[in-house]
Each structure stands twice: as structure tokens, then as C-alpha cells.
Amino acid sequence: MKKRLFSTVLVVFLFSYFTVYAQKPILSEYPEDLYVKNIWGKNRLHNLSVNIGFGSYININEAEELKVYPVRSNSSHVGLRYKLRFCNFYAWGLDLNWNTSNYSIKQNSNNIFPDTLTHHKENFNFHNIGLGYYNRFNFDVKRGNIIGKYLDIGIWGNWRFSAQHTFVDNFETPQHGAYKSRTQLSELNYLTDFHWGVNARLGINSFVIFANYRMSDLLNSKYNFEPTPLVIGIEIDIPLEF
């Protein structure tokens with residue numbers, strides 16, 4: 001009887017010992033994780049996201065000398081966005097992006113940009129590196145670690161590093177054996193190198209509706225008119241996880 005009792009106590013002791021011993025590395029492997037606060041996140045101190053957007057130019061204050069087709073005249077961008085949170089309802093941040101603009105020009109007798117020639121199709125597009133600053137106002141202050149609903153108000157500037165002017169002509173009789181020609185011009189001297197404007201974004205988590213308005217001149221002083229400055233579009237903003 002004593003041998004059975006001793007054997008039982010020994011088995012229980014050994015089982016408890018090895019169980020506790022086996023748990024020691026697990027409990028002490030990453031103890032610092034319990035005390036380190038993550039400062040990167042959707043509604044934490046810092047946030048970094050990738051965004052991609054597409055918009056259409058809206059005709060406002062349209063000049064007779066330079067009219068463009070909406071929708072066919074558009075803008076797109078890909079960029080990084082940084083946000084610094086001050087409190088649950090206010091943050092500010094910076095934008096860095098690569099963006100393009102394409103103007104599809106209407107052909108009529110009033111068009112004098114960049115000359116008075118009439119083509120079958122004509123457009124000019126340019127590529128920019130953009131930098132922006134914005135203020136963010138959140139509508140749902142008790143949202144937890146999510147982006148939530150917000151309004152961004154900001155200012156932006158672009159440096160144009162490339163531009164092309166393209167036109168297509170159709171011929172009733174073949175010219176050099178062809179019924180159609182496509183010409184592309186570069187190193188255009190009628191565009192400014194830098195331009196700036198203001199913007200607004202209304203977002204729900206990763207879905208954004210934006211409006212950009214150019215305040216500066218796109219064309220140089222040779223022309224006293226400007227293409228439409230307003231772009232309205234949609235954007236997807238995807239936070240990066242750290």
C-alpha cells in the first residue's frame with residue numbers, strides 16, 4: 001500500500017515539474033511585447049498608407065480658345081501618405097505622389113491652342129512629382145483603431161518633369177502612303193514647370209472622394225487663358241501594417 005502511494009505521489013510530482021518547466025520558456029520568451037505600445041496604425045500616433053486615384057476634369061469657367069472633353073480629360077496618381085495624430089478628431093499629414101494629367105482638346109474654329117490648326121484628335125499630357133500638406137478632421141472620435149470618417153483640407157504643389165502634345169490627322173487621300181498620321185511633340189515651351197493648388201478629400205475608411213483645384217497658371221504668359229483647373233475623382237487609400 002505504501003509503495004503504491006509513494007509511486008502515485010512520485011508520478012504526480014514528476015508530471016507537475018515537467019509541465020511547469022515546459023511552460024517557463026513560453027512565458028518568458030517575449031515578455032517585452034506585453035509592455036511595448038505600438039505607435040503605428042490606422043488611428044495611432046503615426047500612420048503610413050499607399051493610395052491610388054483617378055479623376056475627371058470638370059469644365060468650369062471654360063475658355064472659348066481652349067475647351068476640353070470631360071472624362072476623356074482626366075488625372076491619375078499613385079502615392080504615399082503620412083499622418084500624425086494629435087487627438088481623436090484632428091491630425092495633419094504629408095502626401096508624396098507621382099501624378100499625370102491628360103487634356104483632350106475639342107476641335108473647333110475658336111481653338112487657338114497651341115495653334116489654329118484643326119485635327120481629328122488632339123491632346124496634351126504631362127507627368128509630375130507632387131508634394132502636399134493636409135489637415136484631417138475626423139467625425140467619429142470613438143472609432144478605435146480604424147480610419148473612420150474624415151475630411152481632409154490641404155494644399156499641394158507639382159513639379160512637371162515630362163510633357164507631350166499629341167495630335168492625330170486623317171487624310172482623304174493618302175499622304176506618303178498613309179491615311180492617318182500621329183504626331184507627338186515633347187520639350188514643350190508653353191507649359192510652366194511648377195504649379196500649385198488646394199484640395200479636399202472626404203473619406204470613409206479606405207474609400208475616398210477627392211477634389212483638386214489648381215490655383216496657379218499651367219500655361220505660360222504667351223496665352224491669356226487656361227484649361228479647366230478642377231478635378232473630381234475617387235481614391236483608394238490602403239494603410240500599411242508595421
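For the residues Gly144, Gly79, the requirement of being on the phi > 0 side of the Ramachandran plot and small (Gly, Ala, Ser) singles out Gly144.
In segment 68-93, what residues are buried (at least 19 other Cβ atoms within 10 Å of the Cβ), free of Cβ contacts under 8 Å to residues at least 60 places away in the same chain and either out of contact with any Phe, Trp or Tyr (no Cβ under 8 Å at 6 or more places or on another chain) or not assigned by TED's automatic domain parsing to the domain that holds Gly148 (or both)? Those that are buried (at least 19 other Cβ atoms within 10 Å of the Cβ), free of Cβ contacts under 8 Å to residues at least 60 places away in the same chain and either out of contact with any Phe, Trp or Tyr (no Cβ under 8 Å at 6 or more places or on another chain) or not assigned by TED's automatic domain parsing to the domain that holds Gly148 (or both): Arg85, Ala91. Residue count for segment 189-242, restricted to those that are farther than 23 Å from Pro70 by Cβ, in contact (Cβ under 8 Å) with a residue 40 or more places away in the chain, in contact with a strand residue (DSSP E or B) (Cβ under 6 Å, 6 or more places away or on another chain) and not in a strand (DSSP E or B): 3. When Ile129 is tested against (1) over 16 Å from the mean Cα position of the chain (by Cα); (2) farther than 18 Å from Asp237 by Cα; (3) β-branched (Val, Ile, Thr), only condition (1) is not met.
The set of residues from segment 37-49 being without any contact (Cβ under 8 Å) to a residue 60 or more places away in the chain and either touching a Gly at 6+ places or on another chain (Cβ under 8 Å) or in a loop (DSSP other than H, G, I, E, B) (or both) comprises Lys37, Ile39, Leu45. For segment 150-191, the candidate set comprises residues that are closer than 17 Å to Phe124 by Cβ and of a type in the set (A, V, I, L, M, F, W, C); within that set, the residue that is farthest from the chain's Cα centre (by Cα) is Val168. When you look at Ile52, is it outside any helix (DSSP H, G or I), in the same structural domain as Ile105 (by TED's automatic domain parsing) and at pLDDT below 95, yes or no? Against the criterion (outside any helix (DSSP H, G or I), in the same structural domain as Ile105 (by TED's automatic domain parsing) and at pLDDT below 95), Ile52 does not qualify.
The values are calculated or read from the model by the stated rules, or taken from the named source; none is laboratory data. Here the structure is a predicted model, which is why all the values come from computation and not from measurement. As a convention, Cβ positions derive from the backbone with ideal geometry for all residues, glycine included, and neighbour counts pool all protein chains shown.
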